[in-house]
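To start, the structure under review is shown below, and the notes come after it.
The values are calculated or read from the model by the stated rules, or taken from the named source; none is laboratory data. Not measured: the values here are computed from a predicted model. Note: ideal-geometry Cβ built from the backbone for every residue, glycine included; neighbour counts use all protein chains shown. These area figures cover heavy atoms from the full protein model, side chains too; ligands, DNA and RNA do not enter into them. Shrake-Rupley method; radii C 1.70, N 1.55, O 1.52, S 1.80 Å.
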Amino acid sequence: MTRKYFGTDGVRGKVGREPITPDFVMRLGHAAGKVLAGIRRKGLERPAVLIGKDTRVSGYMLESALEAGLSAAGVDVLLVGPMPTPAVAFLTRALRLSAGIVISASHNPHDDNGIKFFSGDGAKLPDATETAIERELARPLKCMASSRLGKARRIDDAAGRYIEFCKTTFPGSLHLRGMRIVVDCANGAAYHVAPHVFHELGADVETVGVNPDGFNINDKVGATSPQALQAAVKRHKADLGVALDGDGDRLVMADGAGRLYDGDQLLYVIARHRRQKGELRGGVVGTQMTNLALEHAFARLKIPFARASVGDRYVLEMLLKRRWQLGGENSGHIVCLDKHTTGDGIISALQVLRALAEQGTTLSKSAGQLGLYPQVLVNVSMKKQRNPISSPAVKRAVREAETELDGGGRVLLRPSGTEPLIRVMVEGRDGGTVRRLADHIAAAVRKSA
């Protein structure tokens with residue numbers, strides 16, 4: 001069965017348009033509840049699901065709709081309010097629940113939103129479970145008898161639990177005293193969590209993006225708009241900066257000079273340190289978007305490397321298949337399976353800080369050993385019913401680019417899993433050549449779209 005609503009990261013779209021409408025989300029909650037009814041943790045009288053959200057104003061509406069649908073299916077609901085996506089994964093597992101749900105569109109603007117699911121183990125739902133939910137959506141909504149309706153309650157100490165969990169992933173023998181760190185929370189779900197983690201580990205914390213109003217999530221702040229982080233690092237004369245996205249699972253960092261470091265560079269810092277400490281189990285998983293320079297650097301360090309499809313769920317799937325622990329995307333999703341079941345921006349930042357502390361070095365020196373190749377990404381809008389990648393003109397443009405790169409670079413075309421876009425990526429050793437080839441391919445895609 002082809003999935004109609006679930007993409008690479010749950011169900012997502014514009015608020016007010018199906019599927020992000022109150023009536024659809026209520027039906028989605030009911031369908032998920034019916035499927036999850038067979039997943040019951042020991043000691044629970046009925047299935048129980050935790051719901052968290054980011055700071056979008058539409059979260060109130062969608063939270064209520066989900067709660068109604070789940071209750072109608074006979075599922076108990078635990079509410080935690082604004083909470084990072086990885087916090088929901090942690091709490092779902094810690095509380096031995098049937099599933100966790102996050103209401104978030106991650107790094108997208110406030111007028112988008114989405115619904116993401118976690119299994120009781122704190123991992124993304126398997127494709128088969130998502131397919132079962134879609135199948136249930138096609139059936140009429142039938143409310144349970146009043147005596148079997150699910151109940152709802154709030155967990156008041158959820159933030160404190162998650163803060164303590166994050167701190168346990170940083171060695172007790174280390175501290176951050178003497179460091180000034182800027183923490184940019186993107187006016188998102190981590191605004192009341194992330195600063196406390198770094199402060200309680202000893203850092204002098206300056207904050208950006210910690211005043212959400214329902215509409216300013218990811219607006220000129222956070223991992224996707226790191227200029228605010230760079231400016232704050234310089235203004236406060238900080239040692240480094242940490243920027244998260246709206247739901248707290250993506251990470252970008254800046255050094256004291258305001259230079260930015262993406263997921264590939266941070267993954268390199270963590271992997272190299274673990275290799276030196278003898279703690280790297282197996283190899284590292286990247287994606288089709290991972291910079292070729294990182295693959296070459298890992299080869300020099302004799303670290304096995306594999307590429308998954310784009311999306312942190314596919315990184316996770318390959319890690320589990322190979323029984324490795326470390327992987328990530330250049331966008332800043334980093335998965336450390338020895339610390340958490342999913343990507344976590346706060347925990348990833350702590351792994352970088354641990355590496356710097358134990359090596360007695362700085363972010364600029366450690367990440368600077370990896371020289372990234374120029375990489376250009378062009379997004380081309382497309383009609384949902386057409387995929388121009390297979391057109392003869394686009395194929396010809398790709399062949400021409402690959403011939404010119406002559407093995408010294410890569411070309412990648414892929415449809416976005418969350419938006420009606422074709423992503424055109426070209427990388428190589430010469431920036432001018434890469435830009436010209438990317439623009440040429442993008443032009444061919446536009447003509448064929």
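Quick notes on this one:
- Sorting MET318, MET289 on solvent-accessible area from highest to lowest, probe radius 1.4 Å, gives MET318, MET289.
- Pairs of alpha carbons in segment 43-167 whose separation is greater than 25 Å (percent): 22
- Of all the options VAL57, VAL75, VAL11, the one that moves most in a Gaussian network model of the chain with Cα springs shorter than 10 angstrom is VAL57.
- Accessible heavy-atom area order of ASP245, ASP406, highest first, probe of 1.4 Å: ASP406, ASP245
- Relative intensity, log₁₀ I(q)/I(0), of segment 270-376 from a Debye sum that treats every alpha carbon as a point, q = 0.10 Å⁻¹: -0.25
- Normalised radius of gyration (Cα atoms, divided by 2.2 N^0.38 Å) for segment 205-350: 1.06.
- Evaluated at q = 0.14 Å⁻¹, the base-10 log of the normalised Debye intensity for the chain, with identical point scatterers placed on the Cα atoms, takes the values -1.36.
- Reach of LYS277 by Cα under 17 Å, taken over lysines that are not fewer than 8 positions away in the same chain: LYS302, LYS339
- Dipole axis of segment 1-129 (+1 Lys, Arg; -1 Asp, Glu on Cβ), positive-most option in ALA94, LEU70, ALA105: ALA94
- Charges were assigned to the Cβ only: +1 to each Lys and Arg, -1 to each Asp and Glu. The resulting dipole of the chain about its Cα centre is roughly 1100 debye.
- Segment 199-263 - charge dipole about Cα centre, Lys and Arg +1 at Cβ, Asp and Glu -1, debye rounded to 20: 360
- Of all the options LYS321, LYS53, LYS237, the one that moves most in a Gaussian network model of the chain with Cα springs shorter than 10 angstrom is LYS321.
- In a reduced charge model with +1 at each Lys and Arg Cβ and -1 at each Asp and Glu Cβ, segment 130-280 shows a dipole moment near 320 debye about its Cα centre.
- Here segment 155-271 carries DSSP beta bridges of which approximately 45% are antiparallel, counting only pairs with both residues inside.
- Selected from ALA194, LEU240, VAL205, residue furthest toward positive end of dipole (segment 171-243; charges at beta carbon): LEU240
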